């Protein structure tokens with residue numbers, strides 16, 4: 001069974017015109033420990049929910065996780081319009097969806113992969129610390145078109161259960177490292193004009 005904790009965080013009030021920080025005003029949703037360790041887990045950004053595999057072919061699912069692969073419901077991975085890109089930036093400072101640059105999954109590779117120029121993680125081999133670890137690349141924002149043609153921004157925070165401190169000695173020790181393939185991320189949906 002999939003284990004997921006979903007929390008909604010409210011960004012600054014939409015009525016706060018004195019927001020001098022220039023940050024996002026969209027509702028930010030935090031998803032903790034989305035399990036991708038037992039095959040592919042399909043997720044709806046609009047509904048903030050896991051979608052059963054048998055229902056994933058429609059427009060309910062936007063994104064799917066399987067180990068380090070992230071698939072989008074578009075192109076060869078589904079009948080939706082989902083597409084994506086990874087850009088440098090600070091999640092809270094992204095106020096609008098990019099107008100262009102989105103890729104759909106194709107036969108070569110998923111849209112959100114290093115092969116397609118959209119790397120979101122690095123893998124430390126046994127010669128790097130912490131060894132044999134999948135680590136998020138800081139300062140990367142995933143920009144998505146949803147299956148139904150809307151927009152979302154997403155920040156991947158962790159690949160390990162409990163979102164551990166990857167710089168700690170416990171994490172470096174393979175015997176005490178938390179289980180992998182548990183995604184923690186936050187996201188926000190854009191309004192009808194592509195604004196956050």
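Just a few scattered comments:
- Flag for residue 135 being in contact with a strand residue (DSSP E or B) (Cβ under 7 Å, 6 or more places away or on another chain), over 26 Å from residue 179 (Cα atoms), without any contact (Cβ under 8 Å) to a residue 60 or more places away in the chain and surrounded by 14 or more Cβ atoms within 10 Å (Cβ to Cβ): no
- Listing of strands (runs of 3 or more DSSP E) fully contained in the stretch 63-120 that carry 3 or more residues being within 21 Å of residue 160 (Cα to Cα): 63-66, 69-72
- Positions within the stretch 22-57 being assigned to a loop (DSSP other than H, G, I, E, B), farther than 16 Å from residue 180 by Cβ and either in contact (Cβ under 8 Å) with a residue 24 or more places away in the chain or in contact with a helix residue (DSSP H, G or I) (Cβ under 7 Å, 6 or more places away or on another chain) (or both), in sequence order: 22, 23, 24, 25, 26, 27, 45, 46, 48
- Every residue from the stretch 98-121 that is touching a helix residue (DSSP H, G or I) at 6+ places or on another chain (Cβ under 9 Å) and either surrounded by 13 or more Cβ atoms within 10 Å (Cβ to Cβ) or touching a residue at least 24 places away in the same chain (Cβ under 8 Å) (or both): 103, 104, 105, 106, 107, 109, 110, 111, 120, 121
- Residue 152 being surrounded by 13 or more Cβ atoms within 10 Å (Cβ to Cβ), out of contact with any strand residue (DSSP E or B) (no Cβ under 6 Å at 6 or more places or on another chain) and within 30 Å of residue 81 (Cα to Cα): no
- Just one of the listed residues (105, 60, 92) is modelled with pLDDT under 95 and at negative phi, and it is 60.
- All of (1) touching a strand residue (DSSP E or B) at 6+ places or on another chain (Cβ under 9 Å); (2) part of a loop (DSSP other than H, G, I, E, B); (3) at pLDDT below 95 hold for residue 6 with one exception: (2).
- Of all the residues in the stretch 69-97, those that are closer than 19 Å to residue 187 by Cβ and surrounded by fewer than 16 Cβ atoms within 10 Å (Cβ to Cβ) number 8.
- On the stretch given as the stretch 121-140, residues that are more than 13 Å from the chain's Cα centre (by Cα) and in a strand (DSSP E or B) total 6.
The values are calculated or read from the model by the stated rules, or taken from the named source; none is laboratory data. All values derive from a computational prediction rather than experimental measurement. Note that each Cβ is placed from the backbone with ideal geometry, even for glycine, and that neighbours are counted across all protein chains shown.
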